[in-house]
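Input: a single structure, listed below in structure tokens.
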Amino acid sequence: MYDGAFPDTSEAPVVDWIPVISPTRLAAVLLCAAAAVCTEGRAQTPPVAVPPLLLPVQSQWSMSATAESSYGYKDNLLLSGTGEERSAFARGSLSFLLLRATTGSFDSTFFGQIDGSRYFSGTTIDHDAKAWTQTEFGYRFGDTLKVSLPLTGYYSDQVFDVSDTEVERLVARLKVRGGMAGPLVHWTIHPAWWLEAQAVGEAKRYADGSNDGRVGEGALRLGWKRGERVELRLAALQRWRGFDRRSCYTAAGRELTGTRLKIAEREYQVRADVTWDAAGAWRTMTRAGVLDYRDNGSGYFNFREHRLSQELEWKGAVWSARVAGTAKRMDFHVQTVGFGLAPPPRIKDEYQTEVHLERKLGRNWTAIAEYTWERTRSNDTIASYLANEGLLGLRWSWEK
């Protein structure tokens, strides 16, 4: 068969081509045959084994830690409208994050944080402290479904405004510890859409036992992303609270002995996170929510809460800044303020503003400055107060 390398002689009689082969052509044929044999021999020779390139073993674990120390001043330690207590303070914070990278289907994280403040001039309050830990184990079913189990523990020793009746203005230093656990399912419906469902159980224990109880929560969240710059979230939550010692009240504000208070909450939230430039320097976070709070008695503790918060964040090469504000209103349905035939229903407004500024001083060191303004207003004058806090500090960060 003609192969295109030599003239086609497949149709010529055999007796015609033998006499015409010259010595030159014969030598060329023999050289080509020898070359083919050599090539075939090299092709059949097994390749020399090359040792694999030795790369450093990459750790499946990554760690980071921060330590922060600051000095500041707060002008209302007791959150009081009349008996303000002022003091300078020193504050410290430690946090630690341990992350196990996804290998196969499993991943896990651990986070812990401790905060503490010491008030030098405080007489009623001389310190506060908080601690929080969370461990989460996750398992992935393919690329779209993940099931995880967060386990959270916390401790708090600080001043709270726990006035939930108009009869008594109650600001107290409370020590509370608790734990939460509940499975979380995250489903990526579409590259731009995701859905989460979670059930959580929580137990709370106070040092004086006044508000000991259990909390159950069910949550459903829906998210939508447009690239890396826009994300919207909707959430619906239902909570059930059962108190071990607290009693129900009549509509007139009298305690009903022998009863046990239970609360049902229904909350709806919307959230929008937007990055405004391609470099990711400017970002805003907007949140809004509505909460309905209902008791199992006369409705004395019932209220509706509306909440709105806005945060603006800017990050540069050296400097970064954050400004955040929150506004909240609570409208009580049964509780009233004052006397007379038709006293007005109780209302309570809470406002908070925070300005945070940072400057990098090196690879591991950052200088921080922060100011917080807090205001609570009510048609019950004794429940209104104003508090200001400012601080300067340093943060040390480490990663591995």
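Tally up the residues in region 59-80 that are in a loop (DSSP other than H, G, I, E, B) and either loosely packed, with under 13 Cβ neighbours inside 10 Å or not assigned by TED's automatic domain parsing to the domain that holds Ser384 (or both), please.
To start, the set of residues in region 59-80 that are in a loop (DSSP other than H, G, I, E, B) comprises 59-60, 75-80.
Retained after the next criterion (residues that are either loosely packed, with under 13 Cβ neighbours inside 10 Å or not assigned by TED's automatic domain parsing to the domain that holds Ser384 (or both)): 59-60.
Number satisfying all stated conditions: 2.
Counting only residues that are hydroxyl-bearing (Ser, Thr, Tyr), in a strand (DSSP E or B) and touching a residue at least 40 places away in the same chain (Cβ under 8 Å), region 100-131 holds 2 of them.
Kindly evaluate Arg395 against the criterion of being of a type in the set (Lys, Arg) and under 23 Å from Val159 (Cβ atoms). Criteria not met by Arg395. Please verify whether Glu267 is closer than 24 Å to Ala199 by Cβ, surrounded by 13 or more Cβ atoms within 10 Å (Cβ to Cβ) and either modelled with pLDDT of 95 or more or not basic (Lys, Arg) (or both), treating the condition exactly as stated. Spelling it out, Glu267 is indeed closer than 24 Å to Ala199 by Cβ, surrounded by 13 or more Cβ atoms within 10 Å (Cβ to Cβ) and either modelled with pLDDT of 95 or more or not basic (Lys, Arg) (or both). Cβ-Cβ distances below 6 Å connect the following pairs, each with a first residue in region 281-295 that is surrounded by 14 or more Cβ atoms within 10 Å (Cβ to Cβ), a second residue that is part of a strand (DSSP E or B) and among the acidic types (Asp, Glu), and a separation of six or more residues or different chains: Arg283/Glu313; Met285/Asp273; Met285/Glu311; Leu291/Glu267; Leu291/Glu305; Tyr293/Glu265.
Among the residues making up region 241-263, those that are over 28 Å from Gly338 (Cα atoms) and surrounded by fewer than 15 Cβ atoms within 10 Å (Cβ to Cβ) are Arg245, Gly258. List the number of the failed condition for Gly104; all other conditions in (1) buried (at least 17 other Cβ atoms within 10 Å of the Cβ); (2) at positive phi hold. Every listed condition holds for Gly104 apart from (1).
Within region 206-223, the set of residues being in a strand (DSSP E or B) and loosely packed, with under 15 Cβ neighbours inside 10 Å comprises Arg214, Gly216, Gly218, Leu220, Leu222.
The values are calculated or read from the model by the stated rules, or taken from the named source; none is laboratory data. What you are looking at is a predicted structure, and each value in this text was computed from that prediction instead of being measured. Neighbour counts are summed over all protein chains in view; Cβ atoms, including those assigned to glycine, are modelled from backbone coordinates with ideal geometry.
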